[in-house]
Amino acid sequence: MNSKTVFALTLLGAWGWSCQTPATYDSPLDDSAQRTAVQELAVQPRTTGTAPDETAQQWSPADGIHQLLLRAETESPQVRAAFHRWESARARISQATAMPDPWLSLGGYVQSVETANGPMDGKIGITQRIPWPGKLETAGDRFAALAEAQRMEIENARLKVRKRFLRDWTERLYLEQAKAITAEQVELLQQVEDVSLSLYQASRASQADVLSAQVERFKMSDRLDTLKQREAPLEANLQASLGMQMSGSASWHDLAALDEAQLPGEEQLHALLLESAPQLLAIQARLDAAAKSRALADLDGMPDFSVGADWTWIGEGNPVNPDSGDDAISVSIAVELPLHRGRTDGAREQAFAETRSLIEVREQLRWQLLAELQTALSKHQDGWRRVHLFEQDLLPKAEMTYQTAMTAYQSGEAGFQGMLDAARVVLDFRLSIARAKADAALAYADLNGILPIALLPAEELNQ
């Protein structure tokens, strides 16, 4: 085998080795990232535009809360944006684990250099830098940990969308119930007005009673109009969560709020929160990345290597010399001298500081999440306590009081104001029941936005 063949093989081997990129990266976090819950996302590019497409797919409340909630968690622009950020973070793993590109050099001589074999006309060479063993793997592990942290941000975005959707859904259902109760109250006040008018015509009531009934009815009609004005903002919020338009023929009638459900024990919820909250898991992944940064800083203090080969063209020299004109091949190896330690020391201190910061953030976040969980649990329990109180005790007594006051007013045994006050109490109690159910449902939405599992009752999910 002559020298040219040897050099050609050396050149091809160095080029192939330097250009190879690992087909798969065995990271402890990469597999879990591949199994992300956002695999349901349809990552087809969306048509860009300045406004939502009115002809696109629409939704209706009749689709059911489970289907709409699933759609919100997968089609929300907020979740999709987090998903694409995770894809971007995952793509950095292969960049970090790739070998550096080789250098190919070509040189000539301004003044020919004579050798025993002849003049040196020019040379071509290739040089490949080889990082210290473990550097590329550690860098890949670091970016895999950062990608896992970003994957947890997807789950956090899903929880936020879930919470926002359930809260808006609850408020919209409460609005529908409040409208129905207020409309019934308007009809009731119309009946009171008719009764007072008939008594006034019979000279058994004063004109002030009729005017008071009319004023009260107008006030209630104004409250009903105010409730109707709140429909559009709430529906716009739901459209924002779903990322699509609501059908123009959508109806909210005959839709009930979530029923009271049996929640897991408080200790069980605390353990689930601390073990599986995506915010805490994201911080843990960043702590893993900081540990890899410290290891990478230590490895940066180790020398890198360079290997190379040069092929020098030799011109024709002394014809008596049998090696005249034979090209020359040289190989070289270089070792980096990491004498300046400021960069590695600074990177190590940065990683330590980042670790300490993340530990403090994790501790604060734990207490904050536990506080939010406790607040939601208390509001949920208090909401249903109020529901039971008003439904079982206060409202039946208020309705009996109103019927008694109305009978007494018609017979002239009681005044108009006492009867009107009794009607107001009935309305307040009915609205208080609807509001208490809504408050309990809002607390339920907060729990679904904190915990990494859905707490919706099975019967609601099967609707």
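Per-structure values
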{"read-out": "Residue-count net charge about Val361 - beta-carbon cut-off 13 Å; Lys, Arg +1, Asp, Glu -1", "value": "+1"}
{"read-out": "Whole-Hz ³J(HN,Hα) from phi, Karplus 6.51 cos²θ - 1.76 cosθ + 1.60, for region 153-161, glycine and proline x", "value": "5, 5, 5, 5, 5, 5, 5, 5, 5"}
{"read-out": "Extension reserve of the Ser247-Leu197 stretch, reckoned as 0.36 nm per residue once the Cα distance is removed", "value": "13.6 nm"}
{"read-out": "Separation between Cα centres of region 410-454 and region 119-143, rounded to whole Å", "value": "73 Å"}
{"read-out": "Efficiency of FRET between Asp428 and Ala232 - r from beta-carbon atoms, R0 35 angstrom, step 0.05", "value": "0.85"}
{"read-out": "Cα Rg, Dmax, region 96-227, angstrom units", "value": "43.5, 139"}
{"read-out": "Where labels lie 7 Å past Cα in the beta-carbon direction, separation of Leu104 and Asp298 in nm", "value": "4.0 nm"}
{"read-out": "Peptide ranges 178-189, 336-347 listed from the most packed, as the mean C-beta count within 10 angstrom indicates", "value": "178-189, 336-347"}
{"read-out": "Spin-label model distance (nm) - Thr115 vs Ala414, 7 Å beyond Cα toward Cβ", "value": "11.9 nm"}
{"read-out": "Cα-based shape type of region 322-458, given that a ≥ b ≥ c are square roots of the gyration tensor eigenvalues and the cut on a/c is 1.5", "value": "prolate"}
{"read-out": "Shape call, region 159-216: gyration tensor on alpha carbons, a/c limit 1.5", "value": "prolate"}
{"read-out": "From phi via Karplus (6.51, -1.76, 1.60), per-residue ³J(HN,Hα) for region 100-105 in Hz, x at Gly/Pro", "value": "x, 5, x, 9, 10, 10"}
{"read-out": "Diffusion coefficient, µm² s⁻¹, Stokes-Einstein with Kirkwood Rh over alpha-carbon pairs of region 338-399 at 10 °C and 1.306 mPa s", "value": "97 µm²/s"}
{"read-out": "In order through region 421-430: 3J(HN,Hα) via Karplus (6.51 cos²θ - 1.76 cosθ + 1.60), integer Hz, x for Gly, Pro", "value": "5, 5, 5, 5, 5, 4, 4, 4, 5, 5"}
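Any read-out appearing in this document is the output of simple, stated calculations on the displayed coordinates, not a laboratory observation. No experiment lies behind these values; they were computed from the predicted model shown. Here the Cβ is made from the backbone with ideal geometry for all residues, glycine too, and neighbour counts use every protein chain on show.
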